[in-house]
Structure formats: C-alpha cells, structure tokens
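Taking it in order: structure first as structure tokens, then the write-up.
The values are calculated or read from the model by the stated rules, or taken from the named source; none is laboratory data. No experiment lies behind these values; they were computed from the predicted model shown. Note that each Cβ is placed from the backbone with ideal geometry, even for glycine, and that neighbours are counted across all protein chains shown. Side chains included, ligands, DNA and RNA excluded: accessible areas come from the protein's heavy atoms. Shrake-Rupley method; radii C 1.70, N 1.55, O 1.52, S 1.80 Å.
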Amino acid sequence: MTAPEPLRRRLPVALRMALFYAISYSGLGVLVPFLPVWMAHRGLSAVEISIVLATGQLVRIFGNTGFGRLADYWGERRRVLMGLTVASFLSFLVLVPADGFVAILIGYFIASLFYPAQVALTENLGVLAAYQRGYDYGRVRLWGSVTFIGGTLAVGGIMPLAGPEGVLWLILALLGLTAATAFLLPDVRPDKGASRHGTIRGFLANPVFLLFLGANAFVQSSHAAYYTFSTLHWRAAGLDDLTIGIIWSEGVLAEILLFAVSSRFVHRIRPTQLILIGAAGGIIRWGVIAATTDVWALLAVNWLHAASFAFAHLGAMHFIPRAIPEGMTATAQGLYASLGISVAVAAATFAMGPLYASIGGLIFAVMAGFCLLSAGFGLALDRRWDGRLIDFRA
C-alpha cells in the first residue's frame with residue numbers, strides 16, 4: 001500500500017473527483033484561451049496557429065479513441081487515467097525548446113495524443129462514478145469550471161510579469177500538479193455483467209449514435225473561432241488582457257452556475273433536449289459576437305456559454321450513460337471526444353486561419369450557422385432515440 005492510499009480511502013468519492021477536476025481543469029483554463037498567444041509570441045502567423053491547433057484536433061482522435069477503448073477492455077479507468085496525467089506533463093515539456101512552425105507543430109502533435117484523452121477519460125470516470133455512487137455530477141464538475149476561471153485570470157496577472165512565455169510554464173506547473181495528485185482518483189469499474197462486446201464499427205453503423213455525434217459536432221465546433229481567435233481578435237480591437245480574461249470568465253461562471261443547479265432538471269429533461277437548448281443559445285451568442293467588439297455587448301451575451309457549451313455538454317454526458325451499455329461507455333466517450341468534437345473542431349479550425357485573415361470577426365457568424373445545423377441534427381436525434389439503451393448487436 002502506498003503512502004497516500006489511506007488518504008484516498010478516507011475521502012468521499014465525490015470530494016476526490018471534485019478535487020481532481022479542480023486541479024486538472026486549472027491548466028485547461030490557461031491552455032485554451034492563451035496557448036495561441038504563446039504561439040504567436042514564438043513567431044507563428046494566424047494561418048500557422050490554425051494549422052497547429054487543427055492538427056492537434058485530428059491527432060487526438062487516435063488518443064481519445066485508443067485510450068477509451070483500452071479503458072473498456074481493461075474494465076477500469078483509474079490506471080489508464082493516472083498514466084495519461086504523467087504522459088501529458090512529459091509531452092508538454094517537448095514544447096519548451098520548440099522554436100518555429102515545424103518544431104511547435106511536432107511538439108503539439110505529441111501533446112495532443114495524451115492530454116485530450118486525459119480530459120475525455122476524466123469525464124467518463126466522473127459520470128460513471130456519479131451514476132454508481134449517487135453523487136450530483138453537475139456539482140462535482142463545476143469545480144473544474146471554477147479553476148478554469150482561476151487559470152484564465154492567473155494569466156492576466158502573470159503576463160505583465162513573465163510575458164507570453166509564462167503561459168507555457170504555468171501550463172507545465174499545473175500539469176505536474178495534476179499528475180502528482182492523480183492518486184486521488186476513485187477506482188470505478190463497470191458492473192461485472194456489463195457488456196463490453198461493442199466495436200467501434202458497431203458504434204459508427206448505428207444511426208442514433210451518428211445523429212448524437214452530428215448534433216454535438218456542430219455545436220461544439222462552433223467554439224473553434226472563439227477558442228482560436230477571440231483573444232487575438234479582441235486584443236486587436238483594443239481590449240486589454242484583464243478585460244479579455246473577465247469576458248472569458250463570465251462565460252465559465254455562467255457554466256458553473258448551471259452545473260450547480262443542473263440536478264434540478266437533468267433527470268426531467270431528455271438529454272437530446274439539453275443539446276437543442278445549447279444549439280439555440282449558440283445561435284444568439286455567436287451572432288452578437290460577430291456584430292460587435294463592444295465590451296458591454298460581449299458581456300451581455302457571453303454568459304450564453306452556459307448554453308452553447310454547458311447545456312450541450314450536460315446533454316452529451318447524460319446521453320452516454322442512459323443510451324450506452326455501461327461497459328462500453330469509455331469507448332463511446334472516446335468516440336464522442338474524437339469524432340463528435342475533434343474532427344469537427346479540426347475542420348473548423350483549419351478554415352479559421354484563412355477565414356479570419358479574410359473576414360475577421362465575421363467568422364463568428366459562420367459559427368452561428370454551425371449551431372443551426374446542430375439544431376437540425378438534435379431534432380432528428382430527439383425523434384429517433386426512444387430513451388432506452390442502444391442495442392449495438394441489432
């Protein structure tokens with residue numbers, strides 16, 4: 001028995017998952033909005049940044065799907081996830097000496113094999129633990145969003161002192177802390193009788209699952225312009241880093257509040273309808289952001305991150321345990337993260353560089369169109385899924 005084991009056994013599962021979400025998502029709060037700033041500081045153009053980030057989205061298909069399948073094959077998540085936290089830290093170290101487009105592309109390629117899979121498997125373990133141990137997923141997951149804000153705001157304070165280089169060092173520090181505390185993860189396994197016979201081909205041949213992927217692909221890829229160029233776009237419009245951090249944080253704060261009260265409605269509203277609410281919010285959010293860079297207008301609509309991300313995310317997270325046999329959920333989570341998010345986001349991100357260079361902030365109007373397509377897939381999914389587990393052998 002290792003030294004930390006008694007501590008792990010004494011703490012409730014919900015508290016351990018909340019702590020892990022809090023620690024691991026703080027790094028995400030630095031990486032998502034500010035890694036493009038670090039890349040620009042290292043000399044990459046807007047087109048090169050979009051190529052690097054889109055390549056990372058494509059590479060994570062293999063990591064998300066492969067490590068998800070491995071977790072289902074072994075029938076556990078904890079050991080796989082602990083290994084991923086270490087691999088994530090080591091892979092981002094490769095970026096430290098990277099200089100120029102090719103070196104950064106290679107470094108981010110390696111990092112994208114492990115870190116996105118860590119995030120996806122954390123969600124699968126967190127949802128599975130919630131259904132097995134009876135805690136409120138939303139109230140546990142919100143701590144990841146809280147520290148996402150902390151990471152985002154921390155950059156606003158560090159940037160004037162350390163410059164854009166401080167972004168990478170802060171990411172490394174938080175990834176190292178995540179790996180050091182991964183022993184807190186609960187050992188949650190599917191029921192012994194749970195089916196593990198599904199194949200990736202079986203998932204991709206099922207029309208209900210394909211509609212699920214399509215609805216989520218469009219609503220989540222609608223964030224591609226936001227994640228890639230919103231910080232650079234707002235900086236160019238004269239907004240300072242602290243103001244940008246506040247705008248980002250407002251969206252995540254709205255997400256936190258939604259997660260906090262989600263137990264009141266997630267079991268009364270179909271997951272498919274949650275996705276539809278997310279798509280509707282995205283249409284409004286991106287439409288306004290496309291039209292103006294006025295701070296008050298941005299603050300007036302960026303709380304709709306609670307819709308375009310949080311409602312859609314809750315819909316996906318509750319669809320998987322309700323529609324997918326328990327022993328196949330890590331594979332489903334990996335496919336959702338890979339094909340339902342990464343492929344679509346990669347395609348959108350590849351297009352963002354030339355589009356942003358050509359039409360600037362109007363790329364957010366394109367993102368509103370993505371949400372309209374998501375609503376179409378979501379309506380079809382809501383009509384097709386009967387609310388029961390999908391039989392992938394049928």
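Return the residue satisfying two criteria in turn: it lies in region 36-67 and is assigned to a helix (DSSP H, G or I) and polar (S, T, N, Q), and of such residues it is surrounded by the fewest Cβ atoms within 10 Å (Cβ to Cβ).
Among those residues, the one meeting the criterion is Thr55.
All but one of (1) in contact (Cβ under 8 Å) with a residue 12 or more places away in the chain; (2) part of a loop (DSSP other than H, G, I, E, B); (3) open to solvent by 10 Å² or more (accessible area, probe 1.4 Å); (4) closer than 28 Å to Leu121 by Cβ hold for Thr293, so report the exception by its number.
(4)
Those residues that are in contact (Cβ under 8 Å) with a residue 24 or more places away in the chain, surrounded by fewer than 19 Cβ atoms within 10 Å (Cβ to Cβ) and not charged (D, E, K, R), I need them from region 71-89; list them, please.
Tyr73, Gly75, Met82, Val86
Could you identify the single residue in Val155, Val140, Val127 that is closer than 16 Å to Gly27 by Cα, more than 14 Å from the chain's Cα centre (by Cα) and of a type in the set (Val, Ile, Thr)?
Val155
Considering Leu299, Leu389, Leu362, which residue is touching a helix residue (DSSP H, G or I) at 6+ places or on another chain (Cβ under 7 Å), surrounded by fewer than 24 Cβ atoms within 10 Å (Cβ to Cβ) and in a loop (DSSP other than H, G, I, E, B)?
Result: Leu389 is the single residue among Leu299, Leu389, Leu362 that is touching a helix residue (DSSP H, G or I) at 6+ places or on another chain (Cβ under 7 Å), surrounded by fewer than 24 Cβ atoms within 10 Å (Cβ to Cβ) and in a loop (DSSP other than H, G, I, E, B).
Of all the residues that make up region 217-246, how many are farther than 18 Å from Val32 by Cβ and crowded, with 19+ Cβ neighbours inside 10 Å?
Here the count works out to 2.
Taking the conditions exactly as written (buried (at least 24 other Cβ atoms within 10 Å of the Cβ) and over 25 Å from Ile269 (Cα atoms)), does Met328 satisfy them or not?
no
Within region 252-271, can you find the residues that are surrounded by fewer than 22 Cβ atoms within 10 Å (Cβ to Cβ) and of a type in the set (D, E, K, R)?
Passing the criteria: Arg264, Arg268, Arg270.
Would you confirm, using the coordinates I've provided, whether Trp286 is among the aromatic types (Phe, Trp, Tyr) and either surrounded by fewer than 24 Cβ atoms within 10 Å (Cβ to Cβ) or more than 27 Å from Gly151 (Cβ to Cβ) (or both)?
no
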